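A short write-up of the structure that comes next.
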Amino acid sequence: MKLKGDQTTARAMNRRLILNLLRREGPRSRADIATVIGLSPAAVTFVVSDLLEEGIVAEGKAVPGPAGRRPIPVEINYEHALAVGFKLMVDSVECVATDLATNPVAAMRVGLEGHDPDYVADLLAATVPELVKLAGRPKAKLAGIGISMPGVINHEQTACVRSHRFKWDNVPLASLVAARVHVPVWLEDDTNAYAIAQQLFGLGRQHRNMAVLAVGVGISCALVIDGKLYRGANGAAGKFGHTLFEEGGRLCECGKRGCLMAYHSELSMLRRWRETTGRDDLGLPELREALTSNDPTATALVAHSGRSIGTALANLVNITDPEVIVAGGEAVSLGDHFLTPLREALTARTFRPAPPLLPDWEDNSWARGAAALVTQKIFDFESSGGVTDIATLGARGSPSAA
């Protein structure tokens, strides 16, 4: 049975198809777009005209074509607007302003002295004007704000349902910030946000099925399935670190015992190293230095974590069959001492040949993930929240303007 969609729905779908083609493959002429996507030239012209008027796409330079024709390519105007991203950590906030390709144009870090929701919302709202001023693009628009944090986030991407580290239950953080800054705000689990950034403009750009592993304070693994982030029934998918590692073992932050992250997160590796050496002053820089010096204790400990995570990851790969695995988080900075045992265990335990594991350790990767929550809405056309003139932000972007 065929269902006839209304004109607005068809227009939104065509818009999404065109923008994502330009995002993946770069500038294309209107004729090329029509051929690749399978739309009529009239439909492509209609949508492209709208996008040109909005400033989201721009016309490039004409290039020679057959029979002397010179088709004019169109391309995404990534500098049309700014996106602001906030990555919440226990004691600080990583802040970034990016263009629509999540390229950072301004970055800063601010201390987080408490976890009271109103205090956090005030802090983020006060930081937005500072970021956009630092970006130095007064003519750009502000497309919105993305916030990422560890926790379970509802499907509307507005509220933190539960965060063990922040001790939050049902905190509507996105709404609290939006009421203060008056621009669209989206909230997401930090690994999910990181996965969205990898899918849009990162190592997963050409893949419709991928796993995004994060090993830092915790361990998690987001999944992109058929081009869509899989969030589960309650927004709690990807909590890979809470799979069982040892029955009745170490206590995890979730209140249960024996979780994988209680043994093999970056913090857990450091704790085990301190216990082994009897030194409480050792941190991640010292661990990296010990690995560089081939310290046998540090090398064995990190390799054990790599193998353990790789073995658990193989179970996930056997179930979900991703094309590629992107790995991020502090543990990636441990290099081959961590990644080689992980890859070896993954290869030994997967049913089919293991997918490639691609490490990512770029500055601002996680805050860029938060900014990608804004960019995603533009390419998915799920929300028409619009953009805000940066020139007016200072007048209404402070906490007192709510």
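Brief remarks follow.
- Taking all Cα pairs closer than 8 Å and separated by 6 or more residues, the relative contact order of the stretch 251-382 comes to 22 percent.
- Against the chain, whose longest principal axis is taken from its Cα atoms, helix 266-277 shows a tilt of about 20°.
- Overall dimensions of the stretch 95-153 by Cα: Rg and Dmax, Å: 12.5, 36
- Share antiparallel - DSSP beta bridges, the chain, percent rounded to 5: 65 percent
- Order of exposure, largest accessible area first, which applies to Met89, Met269 with probe 1.4 Å: Met89, Met269
- Segments 191-200, 145-154, 15-24 sorted - mean Cβ within 10 Å per residue, highest first: 191-200, 145-154, 15-24
- Based on the reciprocal of the average 1/r between different C-alpha atoms, the Kirkwood radius for the stretch 132-290 equals 17.8 Å.
- Computed with a 1.4 Å probe over protein heavy atoms only, the accessible area of Cys259 comes to about 10 Å².
- Accessible surface, 1.4 Å probe, highest first, among residues His264, His304: His304, His264
- Within the same chain, lysines fewer than 8 places from Lys239 are excluded, and of the rest, those with a Cα less than 22 Å from its Cα are Lys87, Lys167, Lys228, Lys256.
- Based on Cα contacts under 8 Å between residues 6+ apart, the chain shows a relative contact order of 19 percent.
- Carbon and sulfur %, accessible surface of the stretch 51-140 computed with the full protein complex present, 1.4 Å: 53 percent
- Accessible area of the chain divided out per residue, in Å², using a probe of 1.4 angstrom: 46 Å²
- Relative contact order (percent, whole number), the stretch 195-299, Cα cutoff 8 Å, 6+ residue spacing: 16 percent
- Top positive-direction residue, dipole computed over the chain with Cβ charges, set Val181, Asn192, Thr375: Thr375
- Against the criterion of solvent-accessible heavy-atom surface with a 1.4 angstrom probe, Ser92, Ser49 sort, most first, into Ser49, Ser92.
- In the stretch 132-210, trypsin sites (Lys or Arg not before Pro) in a DSSP loop with at most 14 other beta-carbon atoms within 10 Å: Lys139, Lys167, Arg205, Arg208
- Here the stretch 287-351 exposes an accessible surface that is 50 percent carbon and sulfur, computed with a 1.4 Å probe and the other protein chains kept in place.
- The label-point distance for Asp336 and Ile319, in a model that sets each label 7 Å from Cα toward Cβ, rounds to 3.3 nm.
- The alpha carbons of the chain occupy a box of 72, 55, 47 Å along the principal axes, longest dimension given first.
- Once the Cα atoms are used to define both axes, helix 296-320 deviates from the longest principal axis of the chain by about 50 degrees.
- Each other residue within a Cβ distance under 10 Å of Ala236 adds +1 if Lys or Arg and -1 if Asp or Glu, for a net charge of +2.
- Ratio Rg/Rh [Cα only; Rh per Kirkwood] for the stretch 265-363: 1.01
- When the helices of the chain are scored as -39500 (n - 2.57) per DSSP H run of n ≥ 4 and the total is divided over every residue, the value at 222 nm lands at -13000 deg cm²/dmol.
The values are calculated or read from the model by the stated rules, or taken from the named source; none is laboratory data. Here the structure is a predicted model, which means the values were calculated and not measured. Note: ideal-geometry Cβ built from the backbone for every residue, glycine included; neighbour counts use all protein chains shown. When the accessible area is computed, the model is the full protein with side chains, heavy atoms only, and any ligands, DNA or RNA have been set aside. Shrake-Rupley method; radii C 1.70, N 1.55, O 1.52, S 1.80 Å.
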